[in-house]
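The values are calculated or read from the model by the stated rules, or taken from the named source; none is laboratory data. It should be emphasised that the depicted structure is a prediction, and the values quoted were computed from it without experimental measurement. Every residue, glycine among them, receives a Cβ derived from its backbone with ideal geometry; neighbour counts consider all protein chains shown. Keep in mind that these areas ignore ligands, DNA and RNA; they rest on the heavy atoms of the full protein, side chains included. Shrake-Rupley method; radii C 1.70, N 1.55, O 1.52, S 1.80 Å.
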Amino acid sequence: MAKLKSFFKDYLLFILFLCVIIVIWEWLVQSGKVPSFILPSPSSVIRSIVENRESLFQEHLLATVKEVAIGFFIAAAGGIALSILMYFSKALEKMIYPVVLISQTIPIIALSPVFVLWFGYTIWSKVAVTVLIAFFPIVVGMYDGLKNSDPEYDELLQSMGANKWQRFMKVKLPMALPSLFSGLKLAIVFSVVGATIGEWLGASVGLGYYSRRMSGNLNAEGVFAAVFLLSVLGMVLFFVVTLLQKWMLKWNEEKKR
Amino acid sequence: MTMALVMKNVSYLVRPEKRHKKKIISNVNITLKKGEFVSLIGKSGTGKSTILKLCAGLLKPDEGEIRVYGKATEPGSVGYMPQKDLLLPWRTVLENIMLASEFQKGAKVTKHEARNWLKRVGLKDYENALPRELSGGMRQRAAFLRTILTEKEVLLLDEPFGALDALTKKEMHSWLLSIWEELNKTILFITHDLEEAILLSDRIILLHLDQTTEEIPVDLPRPRHSEMVHTMDMVNYKKMIEKKIADG
């Protein structure tokens, strides 16, 4: 009960604002002030989702989720591993870190056709875009977390006779987790963006592909349906990562208040 | 008899920039007998913390040698307690105080022993609490236990009570004095608090800014208790040391 109360306290204004926007939007379209092929009404978007639920959920949403999941996990595993290697080897850090930074200045959309060239229209061209876009926040989060941990803890463990690896496992790694999770939360949202871009450029299934096809058919409701589902997907995945963080970093909770 | 801790002609240079070498510790000789409680006192910049880090094996001296029971010191030779409590925030109190046992070979502190210690310092009910749930004094007691449970005979304490308020500090003094006799450890202790140094120590070593040292034995009977700070003997000691610091 108390939880529900604090939830409303935190989000009441936001929910009200959202309702007002939706009502105005619906009214604008219903009254004919905005033509529905430019901006479909919220009710018609919902109707479109319900009507096409089978292909939307079982086919397109599933395909996108798969791309996001594979891409995110590859980016997370690779990003964490690379950060740890860079932490242990100065030479590797000097060599790789600038490359990671520069990789972010490449416009990903420009690079995507290259992936289509390499991986064709398989799932891997979409996964590649996702990995590329999700990799950066994970590496930065993990690496900064490792770098910025308090050296005094390190000294304390050293005075107890702990070797470098033990110090890393017992102190550095746990201390880097909050920063890693900041990166992961960004990365999961970016992953949805990456998969969508990948699908635009070449796919036969997925919500990105679906929205482009509907746009080609001048079906505004369909486009908005896909956009809506994509944003819900992003929010749900973000929420999942946040839950994981809360569960793993219980000790870090209270401090923020 | 082998001395517990010997620093012989120890010098240490800091190199903030490559060209400027500055000796912050020069030719220091300190010897601690087994079971002695010795305080290091000096103004900021006299290298007190550096001496402790050298003894703990965290820094290597540029000249001279440091021995713990005859063996050259290295990380793991002594118990070291920095000024901050540095309890790991994701570990419970029990897990924190047993930290050192995870890096030791051979006989280790058991959970049973650790729990007994918690009972003795009044943290029995906080065994499974996270550090953030403890007060400043409790955290410091836990950090002190962690240092004791390194099971090292020589303990180096860097201003362990420096961040505590006066009342809590007094409590910690009573507590430390009450377990001191059976603790049977050799302690090198840094403090800025003269009363604390006189109350706790067998000997006080004064570090001057010109890097000379001066020893002052404290001839007060043991067992001591924290009320003794008001006795004439203590006040005289305090006056004498204050004068030495001012002249130094």
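For the stretch B:27-72, taking the residues that are free of Cβ contacts under 8 Å to residues at least 12 places away in the same chain and in a loop (DSSP other than H, G, I, E, B), the one that is farthest from the other protein chains (Cβ to nearest Cβ) is identified as B:Ser44. Annotation note: of A:Ser231, A:Ser215, the sole residue that is within 14 Å of the chain's Cα centre (by Cα) and polar (S, T, N, Q) is A:Ser231. Among the residues of the stretch A:235-244, some residue qualifies, meaning at least one is under 30 Å from A:Leu117 (Cα atoms) and more than 14 Å from chain B (Cβ to nearest Cβ). Counting only residues that are surrounded by fewer than 19 Cβ atoms within 10 Å (Cβ to Cβ) and more than 10 Å from B:Ser11 (Cα to Cα), the stretch B:59-68 holds 2 of them. Here B:Leu200 clears all of (1) open to solvent by less than 10 Å² (accessible area, probe 1.4 Å); (2) free of Cβ contacts under 8 Å to residues at least 60 places away in the same chain except the condition numbered (2). What do you reckon, is B:Ser101 within 13 Å of chain A (Cβ to nearest Cβ), among the polar types (S, T, N, Q) and under 22 Å from the mean Cα position of the chain (by Cα)? Judged against the criteria, B:Ser101 is a match. Condition check: among the small types (Gly, Ala, Ser), open to solvent by 10 Å² or more (accessible area, probe 1.4 Å) and over 26 Å from B:Gly76 (Cβ atoms). Does B:Ala166 satisfy that? Yes; evaluated as a whole, the condition is true for this residue. Of everything in the stretch B:22-41, what is crowded, with 22+ Cβ neighbours inside 10 Å and either of a type outside the set (Gly, Ala, Ser) or out of contact with any Ser or Thr (no Cβ under 8 Å at 6 or more places or on another chain) (or both)? Give them in sequence order. Answer for the stretch B:22-41, where residues must be crowded, with 22+ Cβ neighbours inside 10 Å and either of a type outside the set (Gly, Ala, Ser) or out of contact with any Ser or Thr (no Cβ under 8 Å at 6 or more places or on another chain) (or both): B:Ile25, B:Val28, B:Leu32, B:Phe37, B:Val38, B:Leu40, B:Ile41. Of all residues in the stretch A:131-148, none satisfies being more than 30 Å from A:Pro40 (Cα to Cα), free of Cβ contacts under 8 Å to residues at least 12 places away in the same chain and either surrounded by fewer than 22 Cβ atoms within 10 Å (Cβ to Cβ) or of a type outside the set (Ser, Thr, Tyr) (or both).
Of the helices (runs of 4 or more DSSP H) lying entirely inside the stretch A:150-256, those containing at least 2 residues that are over 27 Å from A:Glu67 (Cβ atoms) are A:151-159, A:164-167, A:173-201. For A:Trp124, the conditions (1) without any contact (Cβ under 8 Å) to a residue 24 or more places away in the chain; (2) under 20 Å from the mean Cα position of the chain (by Cα); (3) over 25 Å from A:Val236 (Cβ atoms) are fulfilled apart from (3).
Which of the residues spanning the stretch B:172-184 are surrounded by 20 or more Cβ atoms within 10 Å (Cβ to Cβ) and closer than 18 Å to B:Val154 by Cβ? B:Leu176 - this is the single residue of the stretch B:172-184 that is surrounded by 20 or more Cβ atoms within 10 Å (Cβ to Cβ) and closer than 18 Å to B:Val154 by Cβ. Candidates are the residues of the stretch A:131-153 that are within 14 Å of chain B (Cβ to nearest Cβ) and in contact with a Lys or Arg (Cβ under 7 Å, 6 or more places away or on another chain); the one that is modelled with the highest pLDDT is A:Glu152.
Looking only at residues of the stretch A:88-126 that are among the hydroxyl-bearing types (Ser, Thr, Tyr) and assigned to a loop (DSSP other than H, G, I, E, B), we find that the one that is farthest from A:Gly208 (Cα to Cα) is A:Ser89. If I ask for residues that are within 23 Å of A:Val171 (Cα to Cα) and open to solvent by less than 20 Å² (accessible area, probe 1.4 Å), which ones from the stretch B:96-138 would you list? Across the stretch B:96-138, the qualifying residues are B:Asn96, B:Ile97, B:Leu99, B:Ala100, B:Ser101, B:Val109, B:Ala114, B:Ala129, B:Pro131, B:Leu134.
Taking into account only those residues within the stretch A:113-130 that are surrounded by 22 or more Cβ atoms within 10 Å (Cβ to Cβ) and among the hydroxyl-bearing types (Ser, Thr, Tyr), which is nearest to A:Gly71 (Cα to Cα)? Only one residue fits best here, namely A:Thr130. Beta carbons closer than 7 Å, at least 6 apart along the sequence or on distinct chains, pair a first residue in the stretch B:78-90 that is more than 8 Å from chain A (Cβ to nearest Cβ) and closer than 10 Å to B:Ala143 by Cα with a second that is basic (Lys, Arg) and crowded, with 20+ Cβ neighbours inside 10 Å for B:Asp85/B:Arg139; B:Leu87/B:Arg139.
Applying the criterion of being open to solvent by less than 30 Å² (accessible area, probe 1.4 Å) and not small (Gly, Ala, Ser) to the residues of the stretch A:154-167, the residue that is farthest from the other protein chains (Cβ to nearest Cβ) is A:Leu157. Taking the criterion of being acidic (Asp, Glu), in contact with a helix residue (DSSP H, G or I) (Cβ under 9 Å, 6 or more places away or on another chain) and part of a helix (DSSP H, G or I), the only residue of the stretch B:76-124 that qualifies is B:Glu102.
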